[in-house]
């Protein structure tokens, strides 16, 4: 019985726990003026002390409003309307629901009590819509290329360098967000059903067995 040899690993991890982003908060958020002392807003806490190009955003909006994404948008419309009613903020995109989820989850995990109206949409169905948002971001070949293509190209190039003995690096670390992990899993056509938590990581292991190289996802 033969065993493969681990030659290299690529670790993609989400940053640790952080305080809520005040610039994402809705108008009626009761914590809009909170200082989140001693960390400050949008800061990593001591518990765990992608830039979208204009072309990408244009393609994404075309898909959501003019292409096959219209059905997904229709599904999200009741939640968009409900959020708009209770936040005094205009909601008309999946991205805005993602921001709303980010604020509510960060406030909850920081130990703050959420407004009662949020019980109707958080954690569900808002969680499910966020997962769908990640999928729509990679819904076409062009969107996949722009969203995660450069990262996957880098991983493949580093893997080839190990095979051809052009590199001695054994570990590659990539710090990112929940959306980073989601994009890689969706790109690899691995089922993605729950949002990555603080500090979550995705590991791509490069193995060699009998002269053949392959990558396992853990």
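When 206, 195 are screened for being closer than 28 Å to residue 3 by Cα, in contact with a helix residue (DSSP H, G or I) (Cβ under 6 Å, 6 or more places away or on another chain) and surrounded by 14 or more Cβ atoms within 10 Å (Cβ to Cβ), only 206 passes.
In this structure, residue 133 qualifies as at pLDDT below 90 and closer than 25 Å to residue 26 by Cα. Every condition in (1) at pLDDT 90 or above; (2) under 20 Å from residue 62 (Cβ atoms); (3) part of a loop (DSSP other than H, G, I, E, B) holds for residue 92 except the one numbered (1). Looking across segment 96-126, the residues that are under 25 Å from residue 57 (Cα atoms) and either in contact with a helix residue (DSSP H, G or I) (Cβ under 7 Å, 6 or more places away or on another chain) or surrounded by fewer than 16 Cβ atoms within 10 Å (Cβ to Cβ) (or both) come down to 97, 98, 99, 100, 101, 102, 103, 104, 125, 126. Filtered by the rule that a residue be crowded, with 16+ Cβ neighbours inside 10 Å and either out of contact with any strand residue (DSSP E or B) (no Cβ under 9 Å at 6 or more places or on another chain) or under 17 Å from residue 180 (Cα atoms) (or both), segment 146-159 gives 146, 147, 148, 151, 152, 155. Hey, among 33, 68, 61, which residue is in a loop (DSSP other than H, G, I, E, B), at pLDDT 75 or above and under 19 Å from residue 131 (Cα atoms)? Answer to the selection: 68.
The values are calculated or read from the model by the stated rules, or taken from the named source; none is laboratory data. These numbers come from a predicted model, not from an experiment. Cβ: placed from backbone, ideal geometry, glycine included. Neighbour counts: every protein chain shown.
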